[in-house]
Amino acid sequence: MRIFYAKYILPVTSEIIEDGAVVIEGNKIIDFGAREEIDSKYKIEKRFDLKNALIMPGFVNAHTHLELSNLKFKEAKSFQDWLWEVVKKRNKFFKGRFASVKFLKFLSERKFKNAVKRRIDEVINSGTVAIGDVSNTAKLITLLLRVPLKVQIFIELIAFKEERGREFFDVVKDLIEDINNIVRKHNLQKDFKVSMSAHAPYSVSEGLFKLIKNFNGSSKTSVHLAEPVEEVEFLKQGTGFFRNFLIQRDAFDPKWEAPGVSPVKYLEQIGFLDENTLAVHCVNVDEEDIEILSRRGVSVCTCPRSNFFLKVGKAPVRKFLDSGINVCIGTDSIASNRDLNILHELKFAREFYPDVSDVELIKMATINGAVALGFGDYCGSIEKGKDADLIYFIIPKDLKKSEIYDFIFQSSICGRLA
Ligand SMILES: [Zn+2]
C-alpha cells in the first residue's frame with residue numbers, strides 16, 4: 001500500500017480536498033481524504049509527499065484515429081474539400097475494396113509506426129489514461145495492447161451498398177472474434193475492448209447499421225453523426241454533395257431512397273441509438289434530435305478543434321448538457337487537428353463553448369468519457385475501489401483553490417501517478 005499526499009485532490013465526482021491524500025494498493029484506490037484523516041487511519045511505510053501538486057483522475061480522449069497519424073493536413077476550406085483531399089491522399093496508395101489494408105502496405109512500416117508512437121506519447125504526456133480509437137485496419141492492435149492506456153477500439157465499417165456491407169461485415173466479424181479470443185486468453189478484457197462501429201449515415205447502408213448493432217449486443221459502438229450540414233440534406237432529400245460524392249466513387253446504391261428525416265432521427269428509426277452508442281460530433285442537430293439523443297441515453301462526443309478545422313459549425317454542447325446527455329470530448333485525428341493533446345483540446349473547448357463551465361469540461365474529459373467507453377465503473381474519477389488511473393500537476397506554491405481550473409487549462413503536460 002502507498003499513500004500519495006498533495007496540496008489538492010480533485011476527485012471530479014466529489015469536492016476538491018485541500019491538503020489531501022490518496023491511498024493506493026496495486027492499481028486500486030483504497031481510500032482518499034484529508035491528510036490528517038488518512039494518517040489516523042493508515043500506518044503505512046510507503047508515503048510520497050508531492051507537496052505542491054494537484055492529483056486528479058486521468059483524462060479520457062473518447063475519439064481518436066491513431067491509424068491516421070501519418071495524414072497531416074493544412075486547415076481545410078470546407079468539409080467537402082477536406083474529404084476529397086483525404087480520398088485523394090489515400091487513393092495514391094490503394095485501389096480495391098478493403099483498401100486501407102493495402103494502403104498501409106505502401107507506407108514504410110517504420111515511418112508509420114513511429115508517427116503513431118509519437119501520437120501515443122502525446123496522448124499519454126497530456127494525462128490521458130483511456131482512449132476510444134477508431135480503426136479501419138486493426139493494424140495497431142498489438143501496439144495498443146502494450147500501451148499504458150485503457151483502450152476501446154472501434155473497428156469501423158464503411159459501405160453504402162448493401163451487398164458490399166454484408167461482405168465487409170463477415171470479414172470484420174471474424175476478425176473481432178479472433179481478437180477477443182486473444183484478449184480473453186490474456187485476461188485483458190477489462191482494459192481492452194474491441195467492437196464494431198459504423199462510419200456515418202452517408203457512408204453506411206441501413207442493413208449494415210443493423211448488422212453492426214446486432215453483432216455488438218451490449219458492447220459500445222460509435223458513429224460519426226450529423227457532422228457537416230450536407231449530411232442533413234442527404235438524409236432528408238437524398239441530394240447534394242454526398243450523393244455526388246458516392247456516385248463519383250461508384251459507392252452509391254441506385255435502389256436507395258432518402259429516409260426523409262434528420263440523421264439522428266434516421267438512426268433512431270433503424271434502432272441504432274441507445275445507451276451503448278457513442279455519437280461523435282452531433283454539430284448539425286435540431287431540438288428534436290437533442291430530445292432523441294437524450295431519451296435514448298446516447299453519449300455524445302464533441303471534437304471542438306476538429307469541427308473548427310473542418311468548418312462544420314459548433315455543437316450545441318450547452319443544450320446537450322441541459323438535456324442530461326452524457327457529453328464527452330475527443331481530439332479526433334491528426335487529419336483534422338494539430339495534435340492529440342487533450343489539455344490543448346480542453347483549452348480550446350473553454351473558449352469555443354463559453355457557456356460550459358470548467359467543472360463540466362473536466363467531467364466531460366474524465367468521468368463522462370469513461371462512461372461513454374464502458375470504463376465508467378472503474379475509471380474516470382477518484383472513488384474508493386476504482387482503478388488508480390491518476391495524474392498529477394506540479395502547481396505554484398501559492399495557487400489558490402479557485403485557480404485550480406485556470407491552471408489545468410493552461411497546462412500542456414502532466415505526470416502519471418505510478
Ligand atoms: Zn472521427
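The values are calculated or read from the model by the stated rules, or taken from the named source; none is laboratory data. Only a predicted model underlies this, so the values are computations on that prediction, with no experimental measurement involved. Backbone-built Cβ (ideal geometry, glycine too); neighbour counts: all protein chains shown. Accessible surface is based on the protein model in full, side chains and every heavy atom, while ligands, DNA and RNA are left aside. Shrake-Rupley method; radii C 1.70, N 1.55, O 1.52, S 1.80 Å.
Assorted remarks:
- Only one entry in SER336, SER381, SER412 is touching a Pro at 6+ places or on another chain (Cβ under 9 Å) and touching a residue at least 60 places away in the same chain (Cβ under 8 Å), namely SER381.
- Taking the criterion of being open to solvent by less than 30 Å² (accessible area, probe 1.4 Å) and either away from the ligand (no atom under 12 Å from the Cβ) or modelled with pLDDT under 95 (or both), the residues of region 288-301 that qualify are ASP289, ILE290, ILE292, LEU293, VAL298, SER299, VAL300.
- Region 382-418, subset open to solvent by 70 Å² or more (accessible area, probe 1.4 Å) and of a type outside the set (D, E, K, R), residue nearest to LYS28 (Cα to Cα): ALA418
- Of the residues LYS43, LYS74, the single one that is away from the ligand (no atom under 16 Å from the Cβ) and more than 25 Å from TYR8 (Cβ to Cβ) is LYS74.
- So PRO259, is it at pLDDT below 95, assigned by TED's automatic domain parsing to the domain that holds GLY165 and more than 16 Å from the ligand (Cβ to nearest atom): no
- Residues considered: VAL264, VAL280, VAL285. Of these, the only one that is of a type outside the set (S, T, N, Q) and either within 16 Å of the ligand (Cβ to nearest atom) or closer than 25 Å to VAL87 by Cβ (or both) is VAL280.
- Of all residues in region 328-335, one or more are on the phi > 0 side of the Ramachandran plot and surrounded by 22 or more Cβ atoms within 10 Å (Cβ to Cβ).
- Residue ID - farthest from VAL129 (Cα to Cα), chosen from residues in region 310-341 that are within 15 Å of the ligand (Cβ to nearest atom) and of a type in the set (A, V, I, L, M): VAL312
- Residue match in region 359-381 (condition: open to solvent by 10 Å² or more (accessible area, probe 1.4 Å), of a type in the set (S, T, N, Q) and in a helix (DSSP H, G or I)): yes
- Residue list for region 296-314, restricted to those being out of contact with any Leu (no Cβ under 9 Å at 6 or more places or on another chain) and of a type in the set (Lys, Arg): ARG305, LYS311, LYS314
- As a summary of the residue check, ALA34 satisfies the conditions (1) surrounded by fewer than 18 Cβ atoms within 10 Å (Cβ to Cβ); (2) under 24 Å from the mean Cα position of the chain (by Cα) except for the one numbered (2).
- Positions within region 341-371 being in contact with a strand residue (DSSP E or B) (Cβ under 9 Å, 6 or more places away or on another chain) and either at pLDDT below 95 or of a type outside the set (A, V, I, L, M, F, W, C) (or both), in sequence order: ASN341, GLU345, TYR353, GLU360, LYS363, THR366, ASN368, GLY369
- Near pairs, Cβ below 7 angstrom, 6+ apart or cross-chain, from region 298-324 (of a type in the set (A, V, I, L, M, F, W, C) and outside any loop (DSSP other than H, G, I, E, B)) to any residue that is modelled with pLDDT under 95 and away from the ligand (no atom under 16 Å from the Cβ): PHE309/GLU75
- The set of residues from region 114-138 being touching a helix residue (DSSP H, G or I) at 6+ places or on another chain (Cβ under 8 Å), surrounded by 19 or more Cβ atoms within 10 Å (Cβ to Cβ) and not hydrophobic (A, V, I, L, M, F, W, C) comprises ARG119, SER126, GLY127, THR128, GLY132, ASP133, SER135, ASN136.
- Condition check for ASN61: within 16 Å of the ligand (Cβ to nearest atom), within 30 Å of LYS190 (Cα to Cα) and at pLDDT 95 or above: yes
- Residues (assigned to a loop (DSSP other than H, G, I, E, B), in contact with a helix residue (DSSP H, G or I) (Cβ under 8 Å, 6 or more places away or on another chain) and open to solvent by 50 Å² or more (accessible area, probe 1.4 Å)) located in region 180-205: GLN189
- With respect to being within 16 Å of the ligand (Cβ to nearest atom) and more than 18 Å from the chain's Cα centre (by Cα), ILE158 fits the description.
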